[in-house]
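Notes follow once the structure below has been shown.
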Amino acid sequence: MTENRPSIVVLGGGYAGIKVAKALDEVADVTLVDPTDAFVHNVAALRALVDPPWLDKIFLPYERLLKQGRFIQDRATAVEGRRVTLGSGAVLEPDYLVLATGSGYPFPAKSNEPDTTTAHAQFRDAHQALREAGRVLIIGAGPTGLELAGEIKAYFPDKHLTIADGANDILPGPFHQALRDELRDQVTALGIDLRLGVRLTELPAAPPATAAPIAVATEDGQKLTADIWFRAFGVTPRSDYLRGPLAEARDADGYLRVDEYLRLTDRVFAVGDISAADRNMASVAGHQATFLVAHLQALIAGEGDLPTYEPAPVGIAVPLGPDGGAGQFPGSPDIVGPTVVSEVKGRHLRVEPTAALFDA
Ligand SMILES: Cc1cc2nc3c(=O)[nH]c(=O)nc-3n(C[C@H](O)[C@H](O)[C@H](O)COP(=O)(O)OP(=O)(O)OC[C@H]3O[C@@H](n4cnc5c(N)ncnc54)[C@H](O)[C@@H]3O)c2cc1C
């Protein structure tokens with residue numbers, strides 16, 4: 001603790017990490033650690049695939065986030081208690097430790113490149129391959145697969161698009177059935193070939209997001225062919241750096257079990273996708289970050305009797321391109337259609353409020 005300002009290390013600069021680090025910058029000695037040089041606004045990543053000028057809007061350098069605190073470009077390789085060992089060998093041992101290392105998802109939904117330059121090149125290469133492909137296969141009919149299909153159809157209406165999923169319906173999760181029905185209708189109206197309840201005997205041999213002849217068999221004897229495929233399933237929480245008793249907080253899938261204050265132990269917290277407390281969404285990561293900021297501010301101010309965490313109410317907006325899609329607002333029994341979704345998300349993809357944090 002320096003001059004009454006406690007030290008806080010935030011591991012991971014995703015939606016949760018940037019919000020916590022930024023909000024506590026004035027009251028604590030904040031260090032943000034991330035292996036990459038820039039925050040990526042994933043919410044708009046699929047738009048950047050079809051329309052690469054968006055790339056400049058969605059990669060936001062960490063150096064612009066904090067006014068007083070510091071950013072270290074490195075990766076936590078081991079965390080034991082509050083002791084963090086980085087890839088460089090440096091060791092940090094803050095007063096409070098926030099784990100916000102999120103989840104991995106196949107490109108282009110999330111980039112797996114180490115810096116902005118190589119990530120932009122990866123997007124541009126995939127854009128070129130997509131542009132040249134006549135037939136596109138998307139495997140996975142969750143929100144990412146649906147959004148990707150909507151983006152491709154909006155920017156390349158003549159491409160033949162197939163979405164395949166082993167489940168019998170789209171959009172798994174705690175959402176209204178009417179939302180699935182509405183999205184299915186819109187997808188069909190776009191001319192997208194939606195194959196549900198279809199199990200592939202194996203994934204395509206060619207790497208995803210690259211131009212290659214694709215032919216995959218299904219268990220019921222069909223054959224799906226395309227010129228490029230995208231993998232739209234497989235979220236992986238990133239928590240493998242935990243050591244000692246902390247590692248026991250990992251559940252079977254790698255999510256971290258936290259208590260009612262989002263704590264693993266005294267003064268070690270986990271927020272965002274990494275946490276088992278709630279769903280994998282940026283809005284939920286933001287909700288948890290808001291809770292944790294208030295909690296840490298109260299702890300720093302020496303206040304007692306602190307409120308406990310309440311999971312975020314269910315809500316989602318699934319754009320199908322800038323002008324399509326459907327959603328449901330938290331707490332509402334109704335769904336909203338393309339006009340509302342386009343207004344609240346599809347057109348701008350919430351770039352500005354996120355970019356506004358990077359004003360240091
Ligand atoms: C295409 C797409 C669209 C989406 N759209 C929406 C949407 O519209 N609304 C919504 O609510 N959600 C949306 N989501 C979900 C949302 O992106 C995630 O829930 C969100 O990214 C979770 O934020 P996070 O802060 O927990 O982690 P992440 O965003 O995953 O960030 C984690 C950070 O930790 C870093 N990191 C990883 N390992 C280490 C380590 N060992 N040491 C240090 N740092 C590390 C990573 O580099 C990364 O920067 C979307 C997801 C995708 C893929």
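The values are calculated or read from the model by the stated rules, or taken from the named source; none is laboratory data. Here the structure is a predicted model, which means the values were calculated and not measured. A quick note on method: Cβ atoms are made from the backbone with ideal geometry, for glycine too, and the neighbour counts reach across all protein chains shown. These area figures cover heavy atoms from the full protein model, side chains too; ligands, DNA and RNA do not enter into them. Shrake-Rupley method; radii C 1.70, N 1.55, O 1.52, S 1.80 Å.
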Listed residue (I138, A252, N168) projecting farthest to the positive dipole end of the chain, Cβ model: I138
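Please label the shape of segment 111-205 as rounded, prolate or oblate, based on the square roots a ≥ b ≥ c of the eigenvalues of the alpha-carbon gyration tensor (a/c under 1.5 means rounded; beyond that, a/b larger than b/c means prolate, else oblate). All intermediate terms of the calculation are to be shown ahead of the outcome.
Working: a/c = 1.72, a/b = 1.58, b/c = 1.09.
Prolate is the answer for segment 111-205, as a/c is 1.5 or above and a/b outweighs b/c.
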Relative contact order for segment 135-282: what percent, with Cα pairs under 8 Å and sequence separation of 6 or more? 20
Using a 1.4 Å probe and ignoring any ligands, DNA or RNA, find the accessible area of D227 and quote it in Å² to the nearest 10. 50
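Mind checking the per residue accessible area of segment 2-143 for me, 1.4 Å probe, whole number of Å²?
Values: 5420 Å² over 142 residues.
Heavy-atom accessible area per residue stands at 38 Å².
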Indicate, rounded to the nearest 5 percent, the antiparallel portion of the DSSP beta bridges found entirely in segment 1-63. 45
Using a 1.4 angstrom probe and counting only protein chains, how large is the accessible area of F233 in Å², to 10? 70
The percentage of the accessible area of the chain (probe 1.4 Å, all protein chains present) made up of carbon and sulfur atoms, to the nearest whole number, is 50
Point-charge dipole on Cβ atoms (K/R +1, D/E -1) for the chain, about Cα centre, debye to 20: 480
Rg/Rg_globular for segment 39-172, with Rg_globular taken as 2.2 N^0.38 Å and Rg from C-alpha atoms: 1.31
Taking a cut-off of 18 Å between Cα atoms, list the aspartates and glutamates near K345, but don't count ones fewer than 8 places away on the same chain. D51, E147, E151, E182, D323, D334
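So, with +1 on the Cβ of K and R and -1 on the Cβ of D and E, and no other charges, what is the size of the charge dipole of segment 102-258 about its Cα centre, to the nearest 20 debye? Write down the numbers at each step before the final one.
Numbers: 16 positive and 21 negative charges, 35 e Å.
So the magnitude is around 160 debye.
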Cα lying deepest toward the dipole's positive end in the chain, options V20, L320, A154, charges on Cβ: A154
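Quick check for you: with a 1.4 Å probe and neighbouring chains kept, what is the accessible area per residue of segment 208-332, in Å²?
Working: 5580 Å² over 125 residues.
Accessible area per residue, segment 208-332: 45 Å².
If you put +1 on each Lys and Arg Cβ and -1 on each Asp and Glu Cβ, how big is the dipole of segment 207-260 around its Cα centre, in Debye rounded to 20?
So the magnitude is around 240 debye.
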With θ set to phi - 60°, apply the Karplus curve 6.51 cos²θ - 1.76 cosθ + 1.60 along segment 310-319 and write out the HN-Hα couplings as whole Hz, x wherever there is a Gly or Pro. 10, x, 6, x, 6, x, 6, 10, 10, x
Given K22/K57; K110/K159; K19/K153; K57/K153; K22/K159, the pairs whose alpha carbons are separated by over 31 Å: K19/K153; K22/K159
Once you have a ≥ b ≥ c as the square roots of the Cα gyration tensor eigenvalues for segment 1-88, tell me rounded if a/c is under 1.5, and otherwise prolate or oblate according to whether a/b is larger than b/c. prolate
